[in-house]
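Written below as structure tokens is the structure these notes are about.
No lab work stands behind these numbers, since they all come straight from the coordinates. All of these numbers come straight from a predicted model, not from anything done at the bench.
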Amino acid sequence: MPGMNGHNLRARQLSDARFASIPTLVITGQPLDDSARDSVGAIPILPKPLDLSFLFAAIEEVTLPPHRSKRCGCGRVYDSESWQKLARLAEMDNGRGVGERLELRQCPCKSTLAWELGRHALSVRVPTAAESGDPET
Ligand SMILES: [Zn+2]
């Protein structure tokens, strides 16, 4: 991209409502600190060299309708019920600035997965495992 790096492109995309909801993922050869990671929103970030199984999982993540299922790069697939049993890490805005929220949970393979709580709508907060009485957390 002449005259623009990936961070600038993503910032411009998120600043324009016409483009903010375009499914996006990042493929980078650069190490990302927390600040750089947060700046792109909670979208899949894949390191180079690219692992095709992670690429396919990431494409599915950004293109499937929300709340159907979540596939980790390790191959595990979660529906809304099995998702609730994973260790909850955080809830965050997805960075698009339109009220979309993501819940982050940890797969047993130690990957962090994001579940979209609401698309272009105020989210309904999902109870944590501790709040729902799950003894595993
Ligand atoms: Zn996994």
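So if the hydrodynamic radius of segment 3-54 is defined as the Kirkwood radius over C-alpha pairs, what does Stokes-Einstein give as its diffusion coefficient at 25 °C and 0.890 mPa s, in µm² per second?
Details: Rh = 11.9 Å.
In µm²/s, the coefficient rounds to 206.
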Discussion item. Need one number for segment 6-118: average projected area of the convex hull over its C-alpha atoms, nm².
Written reply: 6.8 nm²
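Give the relative contact order (percent, whole number) for segment 6-118; include only Cα pairs under 8 Å separated by 6+ residues. Don't skip to the end; give the middle numbers.
Numbers: 159 pairs, mean separation 23.8, N = 113.
21 percent.
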Practice prompt. Pull up the cross-link candidates among the lysines for K48, meaning alpha carbon to alpha carbon under 23 Å and not fewer than 8 places away within one chain.
Written response: K70, K110
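With both partners inside segment 6-118, how many of the DSSP beta bridges are antiparallel, as a percent to the nearest 5? Please list the in-between numbers first.
Numbers: 14 of 17 bridges.
Beta bridges within segment 6-118, antiparallel portion: roughly 80 percent.
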Practice prompt. Would you grab the residues whose amide H sits under 5 Å from the one on E91? Only those 5+ places off in sequence or on another chain, please, with H modelled 1.01 Å from N.
Written response: L104
